[in-house]
Structure formats: structure tokens, C-alpha cells
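The values are calculated or read from the model by the stated rules, or taken from the named source; none is laboratory data. All figures in this text were calculated on a predicted structure; none of them were measured in a lab. Note: ideal-geometry Cβ built from the backbone for every residue, glycine included; neighbour counts use all protein chains shown. Areas reflect the complete protein model, heavy atoms only, side chains present, ligands, DNA and RNA absent. Shrake-Rupley method; radii C 1.70, N 1.55, O 1.52, S 1.80 Å.
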Amino acid sequence: MKVLFYGVRPVEVAYFNQINEKFGYDMVLEEAFLNEGNADLAKGCEAVVLRANCLADKKYIDTIKEFGVKYLFTRTVAFNHIDVEYAKEQGLKVARVPSYSPNAIGELAVSLALQLSRTAPVIANTVNKNFLVSGEYFAKEIRNSVVGVVGTGKIGLTAAKLFKGLGAKVIGYDIFQSDEAKEVLEFVSLEELQAQSDIISLHVPYFPGSNDEMVNAEFLSGMKDGSILVNTSRGEIQNHGDILNALKAGKLRGYGTDVFSKEATIFFQDFKDKEIPDPVVEELVHLYPRVLITPHIGSFTDEALMNMIETSLENIQSHETNGSSPNDL
Ligand code: NAD
């Protein structure tokens, strides 16, 4: 069977080939994300596997249906880039990868928090050959800090364990308080978490119409003065303008993010010597080293990639043998 994967970076190819040895599919590994120019690659394929920011709208679904594609899968947890209902109406099977290494994203959250609290301003100066020690380098150790984790599911709990391993007092807020999380952190109300935390790490999914821009001016005003905010979940849960204002006012000392709303218009492109199409993001970039931005690379690790490839190929195999997979949408 011929399987098309979109958005396969060159560094990932060897992993695809190695894992496919036990499946034996004929894989087409397209480096570009799905775009208007590469829909035709699906001709002759039975399965198409997307990644985040590959928009499978009605037009694309009609196109691949005409080509005879049977499976429209994604190698991501989130599937908001696929018109799932329409795809299913057209008779396509749709499946996802429900989880992959939570450490990939948890480690990025910890890394952003540590850099913001400890190294980012130092490095920003030393790359300019300035080795003077400035007062802004003075740091609070993580073991003397309170870390607030919002959303204590797979990734949030992993981040909580990592922060706890560094000695932090970890508190959490979640609408569902799991016993597993209770062993690692103390659950508090969201207001208490905002007021007590030196670092807040966001790990809640985005539910359109429910938690849009939950991190807004009101949320930020409830945070500790001079605290750090890290978002490795979804851009839609934050108001970028309000975060920018909180940084300018000194309310936030640092902000690290792996995500923006409408990030597809910004990420995975090079804007060197050009304006970023979102003026708020443009201003945020200029607040480096108080602002650290990573282009949605939370899951860009060896373990997460292997999980994604293996589960995607298992989803196809399961459909071939049983007519369905446990990860169908
Ligand atoms: P999960 O389902 O295991 O955990 C989510 C937790 O959030 C659950 O415990 C749930 O009860 C809680 N929650 C839901 N709504 C809430 C609310 N309004 N307030 C407080 N808690 C709430 O999910 P996960 O696998 O831990 O993923 C968390 C987030 O990370 C998702 O948004 C996901 O899209 C994002 N993510 C980002 C990357 C990346 O590359 N940056 C990669 C994978 C996942």
C-alpha cells in the first residue's frame, strides 16, 4: 500500500524508514506541509497522514476522495486541522495519534522556564561579547520557587514531575483532579495558583468556545508581580496583546511560548529582514530575552517522533486487518 506523509523534515526520514521495516508500506515522504501545490501527491495513495498546520478542508477532502484515498490520518493528538465530519461523510476513515511522549513537551516547558529565570539575559549579552555581570542575572533558584501547572493531564503532570525534581513546590489547577497528580502536586483554585506561582506553565487543551483566551488581562493581573508565563499547549488559550502589555508593564518578567493562535501564518517560515504579519508577535520577538519563542517544536524529539510514526502505521495496519483502529475519530 502507498502511504503519503506530509511535513516530513529531512532529519526525520531515517526514523520513518527504520520503523517502516516491520510494516513494509510504500511511503511517500513529502517535506512540505500540505499546501495548494502538493495535493496531487496523493494520487495512487490509499492513505494520507498529516501533521499539525496541514489543513484538510472540504476542497482537499474532495480531491483525495477522487484520487481513491481511503484513509485520512494525522500523526498528531489534535485534529482541529481536519474537517472530520465532512471526511467521514465522504466515506474516508479518520484517525489520529492520541498520545506520544509527554516528556517532549514537558521538557520544553521546563527548558523555557529555566532559561527565562536563569540564562536567557546572560546569553543575549555574551553573544555580543559583553561579559559584565548585570543585576538582572540574579536568579531565584527553582527550589525556592512555586510552579503552577494549569492542566495536569499527561503533559502537565510530566512537567510537574520535572519541576518537582528540581526542587520546586508544585501546585496545580485542573477541572479533573487525578489521584496520580495528587501524589506530585497540591491542587489549588485557579486564583490561588495565579497568586502564588513564580512560574505558570500552561498545559490545557484548547476547546473552541470554552477556553478561548483564558490567559487574558484579568488572568495576568491575578498573577504575581515579576512572574514567568510558559505556554506549550495552544495559542488560542492566550491573548497575545494582553501578554505583551503585561510584559511592558513589568507584571510579567518573562514569557516563553511554543504556540500562537493563527501560528500557521508565522511558523515554519523565515522572516529575516521582513515584518512578521502579526504586529503583536513582531513586538514580542523584540522583547527577547524576556520573551522566548519556539516554533511549535514541543513534539520534535526522537521519542515523540517514533511514537507518532509507529502509531500512524499501526492505525493503517489495524484498518487493513480489522476495518477499524482504536484511534479512529
Ligand atoms: P491531556 O488530555 O492528557 O490533559 C489535559 C488536561 O487538561 C486534563 O487533565 C483536563 O482535565 C485538563 N483541562 C481541560 N480543560 C481544562 C480547563 N479549562 N482548566 C483546567 N484544566 C483543564 O492532554 P495532554 O496530552 O497533556 O496535552 C495538553 C496540551 O498540550 C494540549 O493542548 C495539546 O494540544 C498540547 N500539545 C502541545 C504540543 C506542542 O508541540 N507544543 C504537543 C502535543 C500536545
Q: Report whether or not residue 174 is surrounded by fewer than 15 Cβ atoms within 10 Å (Cβ to Cβ) and either without any contact (Cβ under 8 Å) to a residue 40 or more places away in the chain or farther than 28 Å from residue 144 by Cβ (or both).
A: no
(Q) Just the residues that are open to solvent by 10 Å² or more (accessible area, probe 1.4 Å) and in contact with a helix residue (DSSP H, G or I) (Cβ under 7 Å, 6 or more places away or on another chain), please, taken from the stretch 221-238. (A) 222, 224, 232
Q) Taking the stretch 195-208 as the region of interest, how many residues are at pLDDT 95 or above and in a loop (DSSP other than H, G, I, E, B)? A) 4
Q) Residue check: is residue 187 within 11 Å of the ligand (Cβ to nearest atom) and assigned by TED's automatic domain parsing to the domain that holds residue 108? A) yes
Q. Within the stretch 188-205, which residues are in contact (Cβ under 8 Å) with a residue 40 or more places away in the chain and not β-branched (Val, Ile, Thr)?
A. 190, 193, 194, 196, 197, 198, 201, 202, 203, 205
Q. If the Cβ limit is 7 Å and pairs must be 6+ apart or interchain, which residue in the stretch 232-261 that is more than 18 Å from residue 210 (Cα to Cα) and of a type in the set (A, V, I, L, M) pairs with which residue that is outside any loop (DSSP other than H, G, I, E, B) and near the ligand (Cβ under 10 Å from one of its atoms)?
A. 259/231; 259/235
Q: Scan 112, 108, 116 and give me the residue that is within 16 Å of the ligand (Cβ to nearest atom), touching a Leu at 6+ places or on another chain (Cβ under 8 Å) and within 25 Å of residue 199 (Cβ to Cβ).
A: 112
Q | Failed item in (1) within 19 Å of residue 208 (Cβ to Cβ); (2) in contact with an Asp or Glu (Cβ under 8 Å, 6 or more places away or on another chain), with residue 77 passing the rest | A | (2)
Q) Taking the stated definitions as given, is residue 282 touching a helix residue (DSSP H, G or I) at 6+ places or on another chain (Cβ under 9 Å), free of Cβ contacts under 8 Å to residues at least 12 places away in the same chain and in the same structural domain as residue 121 (by TED's automatic domain parsing)? A) no
**Q.** Out of 130, 144, sole residue that is over 26 Å from residue 249 (Cα atoms), assigned by TED's automatic domain parsing to the domain that holds residue 250 and polar (S, T, N, Q)
**A.** 130
Q) Is it true that some residue in the stretch 313-327 is open to solvent by 30 Å² or more (accessible area, probe 1.4 Å) and part of a strand (DSSP E or B)? A) no
**Q.** From the options 283, 218, 213, residue that is within 14 Å of the ligand (Cβ to nearest atom) and either open to solvent by 60 Å² or more (accessible area, probe 1.4 Å) or modelled with pLDDT under 95 (or both)
**A.** 213
**Q.** Scan of the stretch 141-167 for residues that are near the ligand (Cβ under 9 Å from one of its atoms) and open to solvent by 60 Å² or more (accessible area, probe 1.4 Å), ordered by number
**A.** 154
(Q) Regarding the stretch 15-31, can at least one residue be identified that is open to solvent by less than 20 Å² (accessible area, probe 1.4 Å) and either at pLDDT below 95 or farther than 12 Å from residue 313 by Cβ (or both)? (A) no
